[in-house]
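To keep things clear, I will list the structure first and then write my remarks on it.
The values are calculated or read from the model by the stated rules, or taken from the named source; none is laboratory data. Because the structure is predicted, anything quoted here is derived from the model rather than measured. Glycine gets a Cβ as well: all are built from the backbone with ideal geometry, and neighbour counts include every protein chain shown. Note: accessible area is taken over every heavy atom of the protein model, side chains too, but ligands, DNA and RNA are not part of it. Shrake-Rupley method; radii C 1.70, N 1.55, O 1.52, S 1.80 Å.
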Amino acid sequence: MNNAEQQFINELDNKFWKAADKLRANMDAANYKHVVLGLIFLKYVSDAFEARQQELIALFRETGNPDNIYAMTRDEYETDADYELAIAEELEVEDYYTEKNIFWVPKAARWETLKNKSVLPTGTLLWKDAAGKEIPMRSVSWLIDNALDEIEKTNPKLKDILNRISQYQLSNEVLIGLINTFSDANFSHPEYNGQKLSLQSKDILGHVYEYFLGQFALAEGKQGGQYYTPKSIVTLIVEMLQPYSGRVYDPAMGSGGFFVSSDRFIEEHAGEKRYNAAEQKQNISVYGQESNPTTWKLAAMNMAIRGIDFNFGKKNADTLLDDQHPDLRADFVMANPPFNMKEWWSAKLEKDVRWQYGTPPQGNANFAWMQHMIHHLAPKGSMALLLANGSMSSSTNNEGDIRRKLIEADLVECMVALPGQLFTNTQIPACIWFLTKDKTAGNGKAHRKGEVLFIDARQIGFMKDRVLRDFSKEDIAKIADTFHAWQTDSGYENKAGFCFSATRDDIQKHDFVLTPGRYVGVAEQEEDVEHFTEKMSRLTAQLKAQLEESTTLEAQIKSNLGGLGYEL
């Protein structure tokens with residue numbers, strides 16, 4: 001985004017968050033996210049629907065183009081009124097929207113309905129149901145819930161996904177305030193200081209949804225982190241794996257961040273790869289699973305907002321105990337499962353087919369997640385897994401043996417050590433495991449069998465505030481470009497303190513420990529050209545001058561206090 005677009009987005013974020021944050025007086029963060037995200041969802045699908053309507057109107061009226069199959073000639077109607085009525089009726093044909101992968105939004109669920117009807121007195125008759133019975137509005141929350149009901153009825157994939165808000169018992173005034181705030185923003189044709197922006201409604205509302213997920217994760221603390229992985233880490237993994245096409249799977253999907261980034265990755269790289277992004281997205285299939293019912297619903301909404309087709313299983317379920325995709329073999333697998341999960345084991349997991357490299361310890365699920373992902377990996381697939389640093393070196397409870405077998409099977413492709421303070425919900429140091437079932441040359445990649453790339457990124461990044469660290473675009477590019485240069489053997493070089501390409505013999509010498517710091521070494525320090533004697537003389541003189549200055553300042557302070565009648 002250019003500066004104007006970035007400023008527009010930042011101000012929009014602040015405006016929306018301040019409006020949403022007023023709900024905190026009435027409910028906690030774990031609940032008020034459902035109200036806000038539900039409204040964002042309704043606003044998005046309405047905007048997308050309206051944009052398609054405007055496109056259709058232009059097509060209906062365009063009669064000079066013989067290839068325009070939508071054209072409606074005025075001469076076929078007796079009066080202008082008949083012509084306009086025919087266009088209005090044609091705009092309500094559902095197929096015109098679904099053919100462009102746009103949600104069909106019934107009249108009761110359109111944003112204009114919410115905006116106009118929410119100011120009516122309670123009890124006002126709004127419309128008739130399918131049986132012809134008149135339906136009165138009981139409250140604004142009823143109006144919103146009714147809109148969500150209508151969306152689910154006409155979009156079966158969202159059945160039982162959208163959270164109703166009547167249960168939170170919010171006043172009409174609070175909800176009307178939120179509706180007005182979202183209504184004030186121009187998503188379809190945004191401007192900033194008189195300058196028209198190229199941002200589309202989808203881009204803006206998709207960003208707002210993602211921003212709110214991050215803010216709610218911060219507000220909820222540790223629990224909130226269950227559904228949110230930092231955007232920069234997700235982006236890094238996606239940039240390194242490059243999921244252009246195929247089946248993408250996340251067995252611990254949270255709110256679906258990896259899928260969103262994969263979608264964005266395709267759009268951003270369409271030009272350089274010379275393909276049509278919209279067509280390329282049809283070559284991506286998204287599969288996910290999540291045990292938390294609330295988070296499972298958030299993920300489905302997140303996909304719907306972006307028009308991403310998805311398969312998240314028949315229900316929310318524990319991935320390790322109730323696999324919703326038992327037959328899936330994915331081309332790309334990406335996940336950020338709970339670190340060092342203790343309570344995961346069940347007797348039915350004994351001798352599970354997934355434990356090909358050893359039964360994981362019952363008190364730590366790290367290698368259970370890893371082997372689950374390997375099990376679901378296609379023969380030429382690649383995967384990335386965020387885990388606690390202990391997974392790289394622990395030798396207790398069979399973990400060391402499993403790690404050795406993974407290395408001997410030549411599955412480990414790259415290890416990335418991350419800096420601390422990246423996550424909202426944990427301070428545990430983390431790393432990224434990159435594994436692949438195929439290191440042979442092909443598709444632009446070099447022959448890397450028997451080798452592993454180690455990247456130590458612990459010193460990379462910046463502090464975005466006093467608590468959290470983050471990666472810049474340049475940081476992400478540095479790590480991803482190093483990985484791709486190594487993969488393709490195009491200009492890769494070992495760099496002390498940052499990266500090293502190790503053989504299996506190198507790893508065996510380190511007892512199959514995969515901590516990057518053991519391999520990359522220490523970065524070379526600039527030689528101190530100042531002679532020791534000269535340096536000591538300079539520093540001693542500097543210290544003497546500072547002490548003298550301190551004495552002078554102390555005397556001045558005493559003098560000033562004395563003049564005020566105080567004595568130090």
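Taking the dipole about the Cα centre of region 295-365, with the C-beta of Lys and Arg at +1 and of Asp and Glu at -1, give me whichever of M341, P360, I308 is farthest to the positive side.
The residue sitting most towards the positive pole is I308.
Using 0.36 nm times the number of residues separating V119 and A71, minus their current alpha carbon distance, what extension gain do you get?
13.5 nm
Rounded to the nearest 5, what is the percent of antiparallel bridges among the DSSP beta bridges in the chain?
The antiparallel proportion sits near 60 percent.
Given 0.36 nm per residue, what is the gain on full extension from V467 to K380 after removing their alpha carbon distance, in nm?
27.4 nm
If you roll a 1.4 Å probe over the heavy atoms of the protein chains, what accessible area per residue do you get for the chain, in Å²?
50
At 1.4 Å probe size, with the rest of the protein present, what percent of the exposed accessible area of the chain is carbon and sulfur atoms?
47
Reachable aspartates and glutamates from K495, Cα under 17 Å, same-chain residues fewer than 8 places away excluded?
By straight Cα distance, K495 reaches E451, D456, D475, D481, D506, E524, E526.
Using a Cα-Cα cut-off of under 17 Å, which lysines could be cross-linked to K535, ignoring same-chain neighbours fewer than 8 residues away?
K544
How much length would be gained if the chain were fully extended between I428 and H531, taking 0.36 nm per residue of separation minus their Cα-Cα distance, in nm to one decimal?
Length difference between fully extended and current span is 32.9 nm.
Give the residues of region 312-338 whose amide nitrogen is closer than 12 Å to a point set 7 Å from the Cα of L349 in the direction of its Cβ.
318-323, 338
Give me the one-decimal nm value for the distance between modelled label points at E493 and A441, 7 Å along each residue's Cα-to-Cβ direction.
Taking the two extended label points, one gets 2.3 nm.
What is the spin-label model distance, in nm, from T181 to V513 if the labels are put 7 Å beyond Cα along the C-beta direction?
Placing both labels 7 Å beyond Cα along the Cβ direction yields 5.1 nm.
Normalized C-alpha radius of gyration of the chain, against 2.2 N^0.38 Å?
In units of the 2.2 N^0.38 Å rule of thumb, it is 1.19.
Along the charge dipole of region 48-151, which of V105, A71, Y83 sits closest to the positive end, that is, farthest toward it, with unit charges on the beta carbon of Lys, Arg, Asp and Glu (+1, +1, -1, -1)?
Of the candidates, V105 comes out farthest on the positive side.
Can you tell me what share of the DSSP beta bridges in region 374-521 is antiparallel? A percent to the nearest 5 is fine.
85
Sort D323, D82, D145 from largest to smallest accessible area, using a 1.4 Å probe on the heavy atoms of the protein chains.
D82, D323, D145
Lysines within cross-link reach of K351: Cα-Cα under 24 Å, excluding same-chain residues under 8 positions apart?
Reachable lysines: K342, K405, K437.
About the Cα centre, and with charges only on the beta carbon of Lys, Arg (+1) and Asp, Glu (-1), how big is the dipole of the chain? Nearest 20 debye, please.
Dipole size: approximately 1560 debye.
If ligands, DNA and RNA are left out, what is the accessible area of K464 with a 1.4 Å probe, given in Å² to the nearest 10?
Its accessible surface works out to 120 Å², give or take rounding.
Based solely on its DSSP helices, what 222 nm [θ] is calculated for the chain when runs of n ≥ 4 H residues each add -39,500 (n - 2.57) and the sum is averaged over all residues, nearest 500 deg cm²/dmol?
Rounded to the nearest 500, it is -13500 deg cm²/dmol.
Rounded to the nearest 0.05, what FRET efficiency is calculated for K100 and L539 with R0 set to 41 Å and r the Cβ-Cβ distance?
The computed FRET efficiency comes out at 0.05.
How much accessible area does K439 have with a 1.4 Å probe, in Å² rounded to the nearest 10?
Surface accessible to solvent at K439 totals approximately 10 Å².
In square angstrom, rounded to the nearest 10, how much accessible surface does T319 have for a 1.4 Å probe?
The accessible area of T319 comes to roughly 10 Å².
Order these peptides, 204-211, 333-340, by their mean beta-carbon neighbour count within 10 angstrom, highest first.
Answer by packing, highest mean first, reads 333-340, 204-211.
Mind ranking E530, E350 by accessible surface for me, highest first, 1.4 Å probe?
E350, E530
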